[in-house]
Amino acid sequence: MEFQSLFAKLIADYRINARFLPWRTSRDPYQIWVSEVILQQTKVLQGQDYFMTFLRYFPDVFSLADAPEDQVLKVWEGLGYYSRAINMHHSAKFIVEQLKGRFPDDFDGIRKLKGVGDYTAAAISSIAFDLPHAAVDGNVKRVASRLFGIREPIDKPAGVKQITELLNEIIQYYSPGEFNQAIMELGALICTPKNPDCRRCPMQEHCFAFANNLQKSLPVVTPKKKPVNMHIEFLFLESKGKTWLHKRDKNGIWKGLFEFPAKIVNHLSETPPVWMMEFLDNSDVSKVLGHRDYVHKLTHRTIFARFWHLSGKPSNIVKQNQTYTELKTTEISGFPVHRLMLKYLGDNRMI
Ligand code: SF4
């Protein structure tokens, strides 16, 4: 079958049955950029709420560029992968300062924005500017692999290249934004990783995997490495209604977010660990008010965390070190914190 008619049924189906998603009503590149960055690591349902909130705070590239970084992180709080927010903030400033606020309108210009990869650049340029670039995300790779019988692992550059080149050829025959979104929708709703619903699939008659009963063995993916275990102890130190937070630097996980003083350790201590003692003034008797444990799973790490809650006078290390911020415990909800902190603060009824 010719490329110009291969996807006709899928596109027709998409026009009728596409889910209503708030970003689909817009062709504003800024809004599409926001939605695509949020959806990189986030499920659609959760992403919708964040998208609406993000646009309420930062309705355009100027308001995002003008905002302090802590406010951007606060709005992003709970979504994870915080470098996404930091990169967007950086790029918004670049657009305002270097491009006079004009969003780049071609693939290469969009691809140069910090944090924007091939997929996001293709999604924005096709949806906002009708440019024929195939947006190849996880859903699209899975659909293409099954549809065309591609056996290269889809998580390796050779597999991605093969799929991208093929779809870039086909997309020329369709409305680019619609083509990309129709395939993504198929992958999200019908051609799912497990148990694809081939009976309902508009591509069934053209599908290699369906014809050969290979839905379970395609796509080929390389086995994932086991996540590494990590142990972290946190110190929630309270003194006369005050506490201290530390702002993480721009490296590693939870970039730029606030947390209680913390230390990575080999094993979690059964009693308040020695390192916490240097945060306490020796002249004062400190009290242990309890501890809580959490297991927090990230893609490559499993974090075992123990939060110690102590009351006592802080030492000079805390008071004089500028990386620690003193605040009232009631003010803590105003600071952007990572998800592990959010869990603890929620369980302690502090937010
Ligand atoms: S027929 Fe089945 S395997 Fe093929 S694209 Fe459709 S849902 Fe996926």
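Laboratory data are not the source of any read-out in this text; all were calculated from the coordinates shown. None of these values were measured; they are calculated from a predicted model. Glycine gets a Cβ as well: all are built from the backbone with ideal geometry, and neighbour counts include every protein chain shown.
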Two-site label geometry, Phe208 and Ile351: point separation in nm, points 7 Å out along Cα→Cβ: 4.6 nm
Along the charge dipole of region 228-347, which of Met341, Leu327, Phe279 sits closest to the positive end, that is, farthest toward it, with unit charges on the beta carbon of Lys, Arg, Asp and Glu (+1, +1, -1, -1)? Met341
I need Lys194, Lys161 ordered by Cβ neighbour count within 10 Å, fewest first. Lys194, Lys161
Residues whose modelled amide H sits under 5 Å from the amide H of Val337, counting only those 5 or more places away in sequence or on another chain, are Phe258
Measure nothing fancy, just the Cα-based angle from helix 83-98's long axis to the longest principal axis of the chain, in degrees from 0 to 90, nearest 10. 70 degrees
Quote to one decimal, in nm, the extra length available between Tyr173 and Asn266 on full extension: 0.36 nm per residue of separation minus the C-alpha distance between them. 27.8 nm
Go ahead and set up a Gaussian network model of the chain, Cα springs under 10 Å, then flag whichever of Ile253, Ile32, Ile264 fluctuates most. Ile264
Karplus-derived HN-Hα couplings along region 345-350 (A = 6.51, B = -1.76, C = 1.60, θ = phi - 60°), whole Hz, x at Gly and Pro: 5, x, 5, 8, 6, 9
Rank the residues Thr299, Thr192 as a footprinting-exposure proxy: fewest other Cβ atoms within 10 Å of their Cβ go first. Thr299, Thr192
Per residue Cα convex hull volume in Å³ - calculated over region 3-211: 115 Å³
Helix 118-129 axis, angle to the chain major axis (alpha carbon atoms, nearest 10°): 60 degrees
J(HN,Hα) series, region 208-225, from Karplus relation 6.51 cos²θ - 1.76 cosθ + 1.60, nearest Hz, glycine and proline x: 5, 5, 5, 4, 10, 6, 10, 4, 7, 9, 10, x, 7, 10, 6, x, 6, 6
If you plug each phi of region 21-26 into the Karplus form 6.51 cos²θ - 1.76 cosθ + 1.60 with θ = phi - 60°, what whole-Hz ³J(HN,Hα) values come out, in order, with x for Gly and Pro? 10, x, 6, 6, 8, 10
Counting only C-alpha contacts under 8 Å and six or more residues apart, can you give the relative contact order of region 36-108 as a whole percent? 30 percent
Would you mind ranking Glu185, Glu152 so that the residue whose beta carbon has the fewest other beta carbons within 10 Å leads the list? Glu152, Glu185
Mean ellipticity per residue at 222 nm, deg cm²/dmol - from DSSP H runs of n ≥ 4 across the chain, formula -39500 (n - 2.57): -12000 deg cm²/dmol
Inter-site label distance for Met230 and Phe3 at 7 Å from Cα along Cβ, in nm: 4.3 nm
Remind me, relative contact order of region 52-192 in percent, using alpha carbon pairs under 8 angstrom and six or more residues apart? 18 percent
Where Rh is the Kirkwood radius over Cα pairs, Rg/Rh for the chain: 1.06
Helix 8-17 axis, angle to the chain major axis (alpha carbon atoms, nearest 10°): 50 degrees
